[in-house]
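Peer 1: First the structure, which I've put down as structure tokens, then a few questions once you've had a look.
The values are calculated or read from the model by the stated rules, or taken from the named source; none is laboratory data. As the structure is a prediction and not an experimental result, all values here were calculated from the model. Every residue, glycine among them, receives a Cβ derived from its backbone with ideal geometry; neighbour counts consider all protein chains shown. Just so you know, the surface numbers come from the protein's heavy atoms only, side chains and all, with ligands and any DNA or RNA stripped out. Shrake-Rupley method; radii C 1.70, N 1.55, O 1.52, S 1.80 Å.
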Amino acid sequence: MSQRSSAAIAIAVLLVVAGCGGTGPESATPTADARTVDSTTGSTDSSNETLADAGFPDGFSRTEIDISAARRLSVSYLRTEPVSGVALERFRPGAYADYQYAASATRVRFRLDVHNGYADITRRDVYVESGVRHSRNGRNGRASFEATNGSVDETRFRAADSMWAVVSRIITIGEFRATRITEHRGERRLRYTITGVVVRNATDVRGRLIVDDDGVIREAQLLYTQAGDPKRFQYRVTSNSGSDVTPPAWLPAARTDGPDNDSTEPVG
């Protein structure tokens, strides 16, 4: 993380724009509480292990994070393990991107809701099982549904890349240092705390990473203010072992025979 330059900022900004397009679970945009994506839920007990004695996963040390190694390990987890996750971006007033993801060996669901900060709202919700890709596409109060051929693996591949993009922005903009070892349900976690950002004139900077023993980033958070505008990037992923992905309520509409079905939906 020490080899950053102003180019990193430009890349991060471009990625924010790029992150607003993509594939995209129901019970909706993350709720007001979900948007905080706060990790301490149900979780941390102090560990007797100290950082001086700690072993670090591949690509991680007390003061450095290799982004390529972090990506390889975290994306592999998103693509192959039973997981559920949520991420969000708040990059200018009124503009947001909200991600929800749930996947098992036989089903996957990925939702992306985007608002450009002015008038345009797009919603992309995809659910795949048994070789069929069901989708609900919404824009400015209109929705269409369709069912096409699709695979769980391909959808997981694309969804994992979209989810990772949020983490990538956080660890590209922020500088982190390992500060604590905790336990989560008997599993060791490394906690990294933010020490600075490469963004000019940033104030009220807060952030953290939670990394498991396999080098998978389980949580990432970056909040700061620039020119009076609050910026927020947050991400959390958890194991969904023992649970399957719940089909969306709109699935019967997507299964209807014939061309795409249009309907009116509330924008809120």
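Peer 1: Being out of contact with any Phe, Trp or Tyr (no Cβ under 9 Å at 6 or more places or on another chain) and either in a helix (DSSP H, G or I) or open to solvent by 70 Å² or more (accessible area, probe 1.4 Å) (or both) is the filter here, so list the residues in segment 192-206 that pass it.
Peer 2: Scanning segment 192-206 gives Arg200, Asn201.
Peer 1: Within segment 105-138, track down each residue that is buried (at least 18 other Cβ atoms within 10 Å of the Cβ) and in contact with a helix residue (DSSP H, G or I) (Cβ under 8 Å, 6 or more places away or on another chain).
Peer 2: Once the filter is applied, which keeps residues that are buried (at least 18 other Cβ atoms within 10 Å of the Cβ) and in contact with a helix residue (DSSP H, G or I) (Cβ under 8 Å, 6 or more places away or on another chain), segment 105-138 yields Arg107, Val108, Phe110, Leu112, Val126, Tyr127, Val128, Glu129, Arg133, His134, Ser135, Arg136.
Peer 1: Surrounded by 23 or more Cβ atoms within 10 Å (Cβ to Cβ) and over 12 Å from the mean Cα position of the chain (by Cα) - does that describe any residue in segment 86-103?
Peer 2: Yes, there is a match, as at least one residue in segment 86-103 is surrounded by 23 or more Cβ atoms within 10 Å (Cβ to Cβ) and over 12 Å from the mean Cα position of the chain (by Cα).
Peer 1: For segment 78-191, give me every one of the strands (runs of 3 or more DSSP E) that falls completely inside it and has 2 or more residues that are over 30 Å from Leu223 (Cβ atoms) and aliphatic (A, V, I, L, M).
Peer 2: On the way: elements: 83-92, 95-103, 107-116, 121-129, 132-139, 142-149, 174-184.
Passing ranges, in order: 142-149.
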